[in-house]
1. Order the following by accessible area, largest value first: Ser14, Ser40. Probe radius 1.4 Å; ligands, DNA and RNA are ignored.
2. How many nm is it between the label spots at Cys66 and Arg53, if each spot is 7 Å from the Cα in line with the beta carbon?
3. How do Glu34, Glu52 stack up against each other in accessible area, from largest to smallest, with a 1.4 angstrom probe?
4. For the range 11-83, report the translational diffusion coefficient in µm²/s to the nearest whole number, using Stokes-Einstein at 37 °C, 0.692 mPa s, and a Kirkwood Rh over Cα pairs.
5. In whole Hz, with x marking every Gly and Pro, tabulate ³J(HN,Hα) for the range 17-26 from phi via Karplus 6.51 cos²θ - 1.76 cosθ + 1.60, θ = phi - 60°.
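The values are calculated or read from the model by the stated rules, or taken from the named source; none is laboratory data. Everything quoted here is computed from the prediction, not taken from an experiment. Cβ sites come from the backbone with ideal geometry, for glycine too, and all protein chains shown count toward neighbours. Just so you know, the surface numbers come from the protein's heavy atoms only, side chains and all, with ligands and any DNA or RNA stripped out. Shrake-Rupley method; radii C 1.70, N 1.55, O 1.52, S 1.80 Å.
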Amino acid sequence: MERLCSSPLHENMSTALDKHLEAIHVVQARRKDEIVNASSRQRHGPPRCQDERVVLALAVALRALCLATRKVRTVLWCAFQMTLPK
C-alpha cells in the first residue's frame, strides 16, 4: 500500500500489524501447551488445576488476538482509504 500512496504509511499501522502477528504467535504457543498438557493428562491421570491454568492462558491469548484483529482491520481500512484516488 505504501507503493500505491507513493509515501510511507504512519508508523502506527506497521505497529498494529506487528502486534497482530505477535498475538497470533502467542495463541499458537498457548494452543501447543494445551495439546501437550492434554496428551500428558491421558497418560498420567487428571491434574485439574494445571488444566485450568492452561485453558485460561489460551483464553487470555485469544482475547488479545481478538483485540489486535479489530485494530488491524481498522488500520487496513484506513490504509485502503488513503490509497484510493481522490
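1. Working: Ser14 60, Ser40 40 Å².
Listed by decreasing accessible area, they come as Ser14, Ser40.
2. So the label points at Cys66 and Arg53 sit 2.4 nm apart.
3. Details: Glu34 45, Glu52 110 Å².
Of Glu34, Glu52, the descending order of accessible area is Glu52, Glu34.
4. After rounding, the answer is 237 µm²/s.
5. These are the phi-based 3J(HN,Hα) values: 5, 5, 5, 5, 4, 5, 5, 4, 5, 5 Hz.
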